[in-house]
1. Which ones in region 59-88 are out of contact with any strand residue (DSSP E or B) (no Cβ under 7 Å at 6 or more places or on another chain), over 19 Å from residue 161 (Cα atoms) and assigned to a helix (DSSP H, G or I)?
2. Any chance you could count how many residues in region 154-171 are touching a strand residue (DSSP E or B) at 6+ places or on another chain (Cβ under 9 Å) and part of a helix (DSSP H, G or I)?
3. If you take the residues of region 96-139 that are among the small types (Gly, Ala, Ser) and assigned to a strand (DSSP E or B), which of them is modelled with the lowest pLDDT?
4. Given the criterion touching a helix residue (DSSP H, G or I) at 6+ places or on another chain (Cβ under 7 Å), under 18 Å from residue 68 (Cα atoms) and at pLDDT below 95, identify the matching residue among 177, 198.
5. Just give me the residues in region 172-190 being free of Cβ contacts under 8 Å to residues at least 40 places away in the same chain and out of contact with any Leu (no Cβ under 8 Å at 6 or more places or on another chain), in sequence order.
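The values are calculated or read from the model by the stated rules, or taken from the named source; none is laboratory data. Bear in mind the structure is a predicted one, so any value in this text is a computation, not a measurement. Positions of Cβ are backbone-derived with ideal geometry, glycine not excepted, and every protein chain shown enters the neighbour counts.
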Amino acid sequence: MAWNALCREKEPTEKTMPEDPGPGVLQSETADFDMAEGLAISVPCSHWQNRLSDVDEHCLQAVTAVFQIVGYEDEAAPEISIVFADNNMVQELNRDYRGFDKPTNVLSFALSDGEAGPQIPGVVILGDVILAFETVETEARSQGKSFAAHTSHLIVHGVLHLLGYDHEEDDQAEEMEALEKRILAILKIDDPYRLPDERGAA
């Protein structure tokens, strides 16, 4: 997937929280589609491979966990591009497409509903998630988290943005955070919002 050609802002989309199966029920049915078929992973920053033993598998597990909880109505696997970039690349994208001339931990660029895009039978292109290595590493260290766990959280966070979830308002943030906790529990990752500065990831 040509991720740099898909950098478009997502129109706000109202989402309803998936029904909570109750305490102690974390696993859902695995999605009927093979997520690996729709996942395009790019690693232009080599530092990621030094910190994660298997970037592709790490990414696949995080994205699959999202759809185990959120579900997906289309029979075709959604196409998602995950880019493991550095601060410079993310800062350029953040400046050019969002008007903020600074790096951030993760950016999500989703194809807006009704916007013309590549039309491929049996393929649903959701968009792109781009992570900044230096920012992710610094945050993980300052928040006392493992680099791998923080990376998983940001992948989950970014993919949820592609699916229309947001955190602009307090009620949206609470809904999205609760959903992230359920997804991360599948990955055996503790509540990432135990620290107050975690709210408002990109």
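1. Within region 59-88, the subset out of contact with any strand residue (DSSP E or B) (no Cβ under 7 Å at 6 or more places or on another chain) is 61-62, 64-71, 73, 75, 77, 88.
Going one step further and asking which of them are over 19 Å from residue 161 (Cα atoms), we end up with 75, 88.
The answer is 88, and nothing else.
2. If we filter region 154-171 for residues that are touching a strand residue (DSSP E or B) at 6+ places or on another chain (Cβ under 9 Å), which is where we start, we get 154-155, 157-164.
Retained after the next criterion (residues that are part of a helix (DSSP H, G or I)): 154-155, 157-162.
Residues that pass the stated criteria total 8.
3. Start the filter on region 96-139 by keeping residues that are among the small types (Gly, Ala, Ser), which leaves 99, 108, 110, 112, 114, 116-117, 122, 127, 132.
Restricting the remaining residues to those that are assigned to a strand (DSSP E or B) gives 108, 110, 127, 132.
Values: 108: 96, 110: 92, 127: 95, 132: 98.
Only one residue tops the list, namely 110.
4. Values: 198 fails: under 18 Å from residue 68 (Cα atoms).
Being touching a helix residue (DSSP H, G or I) at 6+ places or on another chain (Cβ under 7 Å), under 18 Å from residue 68 (Cα atoms) and at pLDDT below 95 holds for just one of 177, 198, which is 177.
5. Those that are free of Cβ contacts under 8 Å to residues at least 40 places away in the same chain and out of contact with any Leu (no Cβ under 8 Å at 6 or more places or on another chain): 172, 173, 174, 177, 181, 188.
So that you can scan it fast, the table gives a plain yes or no per residue for (1) hydrophobic (A, V, I, L, M, F, W, C); (2) free of Cβ contacts under 8 Å to residues at least 40 places away in the same chain; (3) under 16 Å from residue 107 (Cβ atoms):
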| position | (1), (2), (3) |
| --- | --- |
| 46 | no, yes, no |
| 54 | no, yes, no |
| 64 | no, yes, no |
| 67 | yes, yes, no |
| 71 | no, no, no |
| 78 | no, no, no |
| 82 | yes, no, yes |
| 89 | yes, no, yes |
